[in-house]
1. Scan (1) in contact with a helix residue (DSSP H, G or I) (Cβ under 8 Å, 6 or more places away or on another chain); (2) part of a helix (DSSP H, G or I); (3) free of Cβ contacts under 8 Å to residues at least 24 places away in the same chain for the single condition residue 54 breaks and write down its number.
2. So, in the stretch 69-83, exactly how many residues are exposed (fewer than 14 other Cβ atoms within 10 Å of the Cβ) and either in contact with a helix residue (DSSP H, G or I) (Cβ under 9 Å, 6 or more places away or on another chain) or touching a residue at least 12 places away in the same chain (Cβ under 8 Å) (or both)?
3. Any residue in the stretch 26-39 that is touching a residue at least 24 places away in the same chain (Cβ under 8 Å) sitting within a Cβ distance under 8 Å of a residue that is assigned to a loop (DSSP other than H, G, I, E, B) and surrounded by 12 or more Cβ atoms within 10 Å (Cβ to Cβ)? List the pairs, counting only those 6 or more apart or interchain.
4. Only one of these is in a helix (DSSP H, G or I) and touching a helix residue (DSSP H, G or I) at 6+ places or on another chain (Cβ under 9 Å): 7, 62. Name it.
5. Being surrounded by 10 or more Cβ atoms within 10 Å (Cβ to Cβ) and more than 16 Å from residue 58 (Cβ to Cβ) is the filter; apply it to the stretch 20-34 and report the residue that is modelled with the lowest pLDDT.
6. Among 62, 49, 7, which is surrounded by 10 or more Cβ atoms within 10 Å (Cβ to Cβ) and more than 19 Å from residue 81 (Cα to Cα)?
């Protein structure tokens, strides 16, 4: 059983390294996605949903994930699970 866990952990680590490589291969797209996400988040918070908390954690999620991060923060807000 321990061998199976080690193999799965190794495969997960390799997958995470592959994702990091593909994301960091083109940093301009990552920066553009983060900037669009932050702008989109502030526009939504200004005009549509005024009670979403703007704090370090919500901005960090939006800056790292971009537009999907905005959707995640809004989903968590509407479900009452955070932010």
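1. Here residue 54 meets the rest and fails (2).
2. So the first thing to find is which residues in the stretch 69-83 are exposed (fewer than 14 other Cβ atoms within 10 Å of the Cβ), and the list is 75, 78-82.
So of that shortlist, the ones also either in contact with a helix residue (DSSP H, G or I) (Cβ under 9 Å, 6 or more places away or on another chain) or touching a residue at least 12 places away in the same chain (Cβ under 8 Å) (or both) come out as 81-82.
Matching residues across the stretch 69-83 total 2.
3. Matching pairs, first to second residue: 33/66; 34/66; 36/66; 37/66.
4. Details: 7 fails: touching a helix residue (DSSP H, G or I) at 6+ places or on another chain (Cβ under 9 Å).
Only one candidate qualifies: 62.
5. This residue is 23.
6. Working: 62 fails: more than 19 Å from residue 81 (Cα to Cα); 49 fails: more than 19 Å from residue 81 (Cα to Cα).
Only one candidate passes the filter, namely 7.
The values are calculated or read from the model by the stated rules, or taken from the named source; none is laboratory data. Computed from a predicted structure; not experimentally measured. Cβ atoms come from the backbone with ideal geometry, glycine included; neighbour counts cover every protein chain shown.
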